[in-house]
Amino acid sequence: MEMEKLVSLCKRRGFLFQSSEIYGGINGFWDYGPLGVELKRNIKDAWWRDMVTGHDDLDTLPGAPSPFEMTGLDCTIIMHPQVWKCSGHYDLFHDYMVDCRESKGRYRYDQIKGRWVEAKGKKIFATAGSNSETPEVDIERQALKFFGMRSKNADELKWDGPLTSLTTLDSFEEVLAPDAKSLGTLTEPREFNLMFKTTIGALGGEADTAFLRPETAQGIFVNFKNVVDSSRVRVPFGIAQVGKSFRNEITPRNFTFRSREFEQMEIEFFCHPDSSQKWYMYWRDRRYKWYQEMGLDEKKLILREHTPEELAHYSIGTADIEYAFPFLPEGEYGELEGIAHRGDFDLRSHMEGKLDPDTKPMTVELNEDGKPKHRGSGKDLSYRDDITGERFVPHVIEPSAGADRATLAFLCEAYTEDEAPDDKGNMQTRVVMKFHPRIAPVKASIFPLVKKDGMPEMAKDIYRSLKKDWNVFYDEKGAVGRRYRRQDEAGTPFCITVDGQSMQDQTVTIRHRDTLEQWRVKADDLTSELRKLIG
Ligand code: ATP
């Protein structure tokens with residue numbers, strides 16, 4: 001599937017719009033249209049239902065070490081700035097960027113890829129930026145241009161070594177930047193913190209600086225004690241949260257995949273250190289299965305364990321669930337969700353504030369003894385098991401998913417072009433969004449075959465009765481084939497048509513979006529029939 005087709009369908013049918021489009025848009029921000037908002041909400045609701053409210057805490061679920069409880073939270077976007085100091089985000093949450101003095105382009109240091117190439121007695125490192133879908137092709141084109149050669153002479157270019165990242169180079173002198181004509185135009189890499197800053201209150205001094213949260217997780221950690229003290233949960237248990245997060249990404253790209261404002265669906269699962277490895281494996285496998293149950297093709301989905309070099313300094317194990325997004329080069333995958341075994345890093349940091357002596361304090365406030373004031377909260381965040389009497393700092397398993405990336409993956413997966421008969425019975429190409437019925441924005445559309453003989457009245461009655469349970473749609477405009485097509489593009493799994501026979505025997509037809517199969521059911525049985533079909 002070509003990405004342009006999906007992007008244009010998203011705009012045409014109201015799944016996604018560029019934010020502030022009438023002012024020329026704003027890079028890295030997206031709005032969900034009438035269909036998109038339903039789709040994304042259904043995904044978040046399915047996640048919440050499957051992970052939290054529908055969770056069976058009485059039995060041991062398949063693959064789980066023991067029964068466990070799940071509960072939820074909804075925390076603020078702006079939190080005490082010290083949260084970000086202790087979480088490590090203030091000091092460590094940055095990317096490195098390089099600027100091009102010639103093109104004025106700004107790139108993420110680790111995302112520039114290139115190859116060494118020699119011609120006319122000169123060797124250069126030709127590169128492609130992160131937006132390139134075909135880096136090898138773009139690099140060759142760039143090298144030819146630099147050497148003033150024609151593409152028919154491409155075999156005179158002498159390549160040395162495979163495609164590699166700019167990060168492997170010691171000097172940029174021989175680098176031809178992605179959009180430059182001359183060599184050595186890139187600046188040295190510079191740190192760039194990804195947190196958005198804001199100011200609290202009217203006075204607005206340095207001490208009033210606050211940050212928009214770059215992840216929802218910290219709200220859960222700092223409320224751990226509140227949840228334990230106010231509800232009956234006992235370790236092992238999980239706290240879930242869905243909400244907005246903000247990251248000032250250097251190169252937002254690939255539609256909504258890398259945005260500056262996005263939504264996360266996160267779980268922090270608290271367990272005893274002795275069983276944390278088993279819980280890590282449980283969550284990793286369960287979350288991987290969930291995407292498949294919701295309709296992602298197993299062949300396009302991988303579960304990738306991080307190598308020891310990739311692991312964050314605190315992590316004992318991390319796995320990513322990755323999807324073969326169509327905008328990525330063949331064989332590459334993009335992260336949908338990370339499942340991390342975080343040990344006791346977070347709770348301990350918020351207790352003790354393990355400040356790294358090499359990192360800068362947020363604002364240099366010193367105690368009387370001259371030591372930095374900023375430590376952890378000083379609150380005891382350990383847990384006491386009231387049955388065994390044991391006190392410990394729980395380990396945490398964190399399945400952290402992006403609602404927008406999941407929505408984008410479901411959109412990519414759903415986009416299908418196939419053949420279906422039109423009103424005259426001729427086969428025509430149709431675009432159909434094959435969403436799983438649980439996440440489809442509209443569950444059913446109700447049509448009177450013609451606008452007379454009591455059909456609209458009966459169809460409207462059906463519409464009103466189904467609307468109590470689902471988002472359904474009524475359409476009486478145009479030929480019925482055209483109406484089917486409109487619903488196919490919206491991904492509506494079922495179309496219900498009231499026709500002449502309905503007036504006689506009170507039955508209607510249901511048409512299945514994917515199989516095009518049609519069958520008759522009694523109008524009175526529609527609710528139970530749809531319940532079976534939607535699940
Ligand atoms: P990446 O390496 O792609 O930047 P990450 O490893 O930094 O992602 P996490 O910090 O693990 O991401 O965040 C958890 C989830 O939040 C990701 O798996 C992704 O689904 C989502 N997410 C993170 N950053 C973005 C973003 N800029 N736009 C949309 N979703 C995001």
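When only C-alpha pairs under 8 Å and at least 6 residues apart count, what is the relative contact order of region 96-192, in percent? Walk me through the intermediate numbers first.
Details: 180 pairs, mean separation 36.9, N = 97.
Computed over region 96-192, the figure is 38 percent.
Close amide H partners of Asn471, meaning residues 5 or more places away or on another chain with modelled amide H under 5 Å apart, are Lys443.
Taking the square roots of five times each eigenvalue of the Cα gyration tensor of region 165-247, the equivalent ellipsoid has semi-axes of 43, 21, 10 Å, listed largest first. Pairs of Cα atoms nearer than 8 Å and 6+ residues apart set the relative contact order; for the chain it is 13 percent.
Only protein heavy atoms count here; on that basis, with a 1.4 Å probe, Asp31 has an accessible area of about 70 Å².
Tally up the carbon and sulfur contribution to the accessible surface of the chain as a whole percent, 1.4 Å probe, everything protein left in place. Of the solvent-accessible surface of the chain, carbon and sulfur hold 49 percent.
Would you report the distance distribution of C-alpha pairs in region 96-192 as whole percents per 10 angstrom bin, up to the bin with the largest distance? Distribution as computed: 17, 54, 25, 3, 0 percent. Here the scattering of region 127-268 is modelled by Debye summation over its C-alpha atoms, one equal scatterer each and no solvent; at q = 0.11, 0.15, 0.17 Å⁻¹ the log10 of I(q)/I(0) is -0.70, -0.94, -1.06.
Val480 contributes about 30 Å² of solvent-accessible surface, heavy atoms of the protein only, 1.4 Å probe.
Find the accessible area per residue for the chain; the probe is 1.4 Å, ligands and nucleic acids are left out, and the unit is Å².
Numbers: 25980 Å² over 535 residues.
Accessible surface, normalised per residue, equals 49 Å².
Can you give me the P(r) profile for region 442-534? Cα pairs, bins 10 angstrom wide beginning at 0, each as a whole percent. Calculated over all Cα pairs of region 442-534, the distribution is 18, 57, 25, 0 percent.
Please compute the contact order of region 429-535 in relative form: average sequence separation of alpha-carbon pairs under 8 Å and at least six residues apart, divided by the residue count, as a percent. Show your work: numbers first, answer last.
On the way: 185 pairs, mean separation 33.9, N = 107.
Computed over region 429-535, the figure is 32 percent.
Note on region 193-246 and region 477-527: Cα centroid distance 47 Å, given to the nearest whole angstrom. Here the 3J(HN,Hα) profile of region 445-457, calculated from phi with Karplus coefficients 6.51, -1.76 and 1.60 at θ = phi - 60°, is 10, 10, 10, x, 4, 10, 8, 7, 6, x, 5, x, 4 Hz, Gly and Pro shown as x.
Diagonalising the gyration tensor over the Cα atoms of region 1-63 and scaling each eigenvalue by 5 before taking the square root yields semi-axes of 35, 13, 10 Å, largest first. Filter Lys11/Lys451; Lys44/Lys104; Lys289/Lys468; Lys289/Lys460; Lys44/Lys299 down to the pairs with a C-alpha to C-alpha distance above 28 Å, please. Exceeds cut-off: Lys11/Lys451; Lys44/Lys104; Lys289/Lys468; Lys289/Lys460. Length, then width, then depth: along the principal axes, the Cα atoms of the chain run 89, 78, 50 Å.
Could I get the Rg over Rh figure for region 221-360? Both from C-alpha atoms, Rh via Kirkwood, rounded to two places.
On the way: Rg = 17.1 Å, Rh = 17.4 Å.
Answer for region 221-360: 0.98.
Residue-wise HN-Hα couplings along region 258-265, as the Karplus relation 6.51 cos²θ - 1.76 cosθ + 1.60 with θ = phi - 60° gives them from phi, are 10, 10, 9, 10, 8, 10, 10, 10 Hz; Gly and Pro carry x.
The values are calculated or read from the model by the stated rules, or taken from the named source; none is laboratory data. Since we're looking at a predicted model, the values are computed, not measured. Keep in mind that these areas ignore ligands, DNA and RNA; they rest on the heavy atoms of the full protein, side chains included. Shrake-Rupley method; radii C 1.70, N 1.55, O 1.52, S 1.80 Å.
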